[in-house]
1. For the stretch 277-297, what are the residues that are part of a helix (DSSP H, G or I) and crowded, with 16+ Cβ neighbours inside 10 Å?
2. When residue 214 is evaluated against the numbered criteria (1) touching a Ser or Thr at 6+ places or on another chain (Cβ under 7 Å); (2) hydrophobic (A, V, I, L, M, F, W, C); (3) loosely packed, with under 13 Cβ neighbours inside 10 Å; (4) in a helix (DSSP H, G or I), which criterion, by number, is the only one it fails?
3. Kindly indicate which of 124, 202, 193, 134 is loosely packed, with under 14 Cβ neighbours inside 10 Å and over 22 Å from residue 238 (Cβ atoms).
4. State whether one or more residues within the stretch 253-273 are surrounded by fewer than 17 Cβ atoms within 10 Å (Cβ to Cβ), more than 30 Å from residue 72 (Cβ to Cβ) and not β-branched (Val, Ile, Thr).
5. Under 21 Å from residue 252 (Cα atoms), assigned by TED's automatic domain parsing to the domain that holds residue 269, in a loop (DSSP other than H, G, I, E, B) and not aromatic (Phe, Trp, Tyr): which single residue out of 101, 171, 165 fits that description?
6. Any residue at all in the stretch 64-76 that's touching a Pro at 6+ places or on another chain (Cβ under 7 Å), in contact (Cβ under 8 Å) with a residue 40 or more places away in the chain, closer than 12 Å to residue 273 by Cα and part of a loop (DSSP other than H, G, I, E, B)?
7. Give the stretch 48-72 a look and list any residue that's surrounded by 10 or more Cβ atoms within 10 Å (Cβ to Cβ) and among the hydrophobic types (A, V, I, L, M, F, W, C), or say none.
8. Return the residue satisfying two criteria in turn: it lies in the stretch 79-88 and is of a type outside the set (A, V, I, L, M, F, W, C) and out of contact with any helix residue (DSSP H, G or I) (no Cβ under 7 Å at 6 or more places or on another chain), and of such residues it is surrounded by the fewest Cβ atoms within 10 Å (Cβ to Cβ).
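The values are calculated or read from the model by the stated rules, or taken from the named source; none is laboratory data. Predicted, not measured: the structure shown is a model, and the values here were computed from it. Counting neighbours? That spans all protein chains shown, and the Cβs are built from the backbone with ideal geometry, glycine included.
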Amino acid sequence: MTTETELVVTAPAQLRHGLDAVRRAPAAPRTRRRWPSILKHAGLIALSLLMVYPLLWLVASSLKPNGDIFKDLTIFPSHVTLQNYVTGWNDLQLPFGVFILNSTLIAVGCIIGNLVSCSLAAYAFARVRFRGRAIFFAIMLGTIMLPFQVVMVPQFTIFKELGWLNTFLPLIVPKFVAVDAFFIFLMVQFIRALPNEIFEAARIDGAGHPRMFAQITLPLMVPALATTTIFTFIWTWSDFFGPLLYLRLPSTFTVSIALKGYLDAQSTSDYGSMFAMSVVSLLPLFLIFLVGQKYLIKGFATTGIK
């Protein structure tokens, strides 16, 4: 009886020790599995800091006196001053706000042109059946690989004969004839992903292509339209070669052309003012990206572009 009682008493204790050992056993492998994840995240953080460093240095340099910009390369200025922003805003022939307004007008015009023309062209390629659709679509895709330098001289000659030089028309008007094949392709992929049943039901109700485009397609393709808006604004705002080619009057200069005015090969360049106005010119890009980030991600996710 004593032996049986000891077995009964000691068995639960041994079972508890066994369960505790089982619970403690996975702890060591789990710790070993954490190290690759920790190293991966540490490497990603280091790479992100390396990529962000030039931007941080730009902001820090805009707050330094001109004499300290290239002497102190750290992102922590020893002497903070806002004089570069005051000087840079009024240092050129016109206030820097004029150049921001010019870039805004061009960007808004290009956005409207791309949204209208590219959405119409994309709907035609995706939903309208016409002869030669596949051939025209292939030609349109081929223009993506066509460098701007190939058509630069003919376009400049045409715009010069039209008397459009020193105006915003050469930069805005082409957007209204669907010249950006990338956005057409983006919207075509989005429209093709929409359920056919919606358009069939609308056709049964007597809706034509104009009504299906305005009342069905446009409301559903908001992510693609937002993606087009964001990329058009970024590319137009940052464009340097186009404004340099067509705009010669200081009153028509954009932000990218105006920033070049702070550099002088024959005298002292005002790097502090240039860095300060560069920071100012980057703010609209950050704002529009932050506002439309969710639409940008959703637009790429729903069009099948990797």
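1. The initial filter retains those residues of the stretch 277-297 that are part of a helix (DSSP H, G or I), namely 277-291, 293-297.
277, 278, 279, 280, 281, 282, 284, 288, 295, 296 - these are the residues of the stretch 277-297 that are part of a helix (DSSP H, G or I) and crowded, with 16+ Cβ neighbours inside 10 Å.
2. Among (1) touching a Ser or Thr at 6+ places or on another chain (Cβ under 7 Å); (2) hydrophobic (A, V, I, L, M, F, W, C); (3) loosely packed, with under 13 Cβ neighbours inside 10 Å; (4) in a helix (DSSP H, G or I), the lone unmet condition for residue 214 is (1).
3. Details: 124 fails: loosely packed, with under 14 Cβ neighbours inside 10 Å; 202 fails: loosely packed, with under 14 Cβ neighbours inside 10 Å; 193 fails: loosely packed, with under 14 Cβ neighbours inside 10 Å.
Of the residues listed, the single one that is loosely packed, with under 14 Cβ neighbours inside 10 Å and over 22 Å from residue 238 (Cβ atoms) is 134.
4. First, the residues of the stretch 253-273 that are surrounded by fewer than 17 Cβ atoms within 10 Å (Cβ to Cβ): 260, 263-269.
Among the residues that remain, those that are also more than 30 Å from residue 72 (Cβ to Cβ) are: none.
Looking for residues that are surrounded by fewer than 17 Cβ atoms within 10 Å (Cβ to Cβ), more than 30 Å from residue 72 (Cβ to Cβ) and not β-branched (Val, Ile, Thr), one finds none in the stretch 253-273, hence no.
5. Details: 101 fails: in a loop (DSSP other than H, G, I, E, B); 171 fails: in a loop (DSSP other than H, G, I, E, B).
Unique residue meeting the criteria: 165.
6. So far as the stretch 64-76 goes, yes, one or more of its residues are touching a Pro at 6+ places or on another chain (Cβ under 7 Å), in contact (Cβ under 8 Å) with a residue 40 or more places away in the chain, closer than 12 Å to residue 273 by Cα and part of a loop (DSSP other than H, G, I, E, B).
7. If the condition is that a residue be surrounded by 10 or more Cβ atoms within 10 Å (Cβ to Cβ) and among the hydrophobic types (A, V, I, L, M, F, W, C), then 49, 52, 55, 56, 57, 58, 59, 60, 63, 69, 70 are the ones that fit.
8. Here is the first cut: in the stretch 79-88, the residues of a type outside the set (A, V, I, L, M, F, W, C) are 79, 81, 83-85, 87-88.
When the remaining residues are screened for being out of contact with any helix residue (DSSP H, G or I) (no Cβ under 7 Å at 6 or more places or on another chain), the result is 81, 83.
On the way: 81: 15, 83: 13.
Only one residue fits best here, namely 83.
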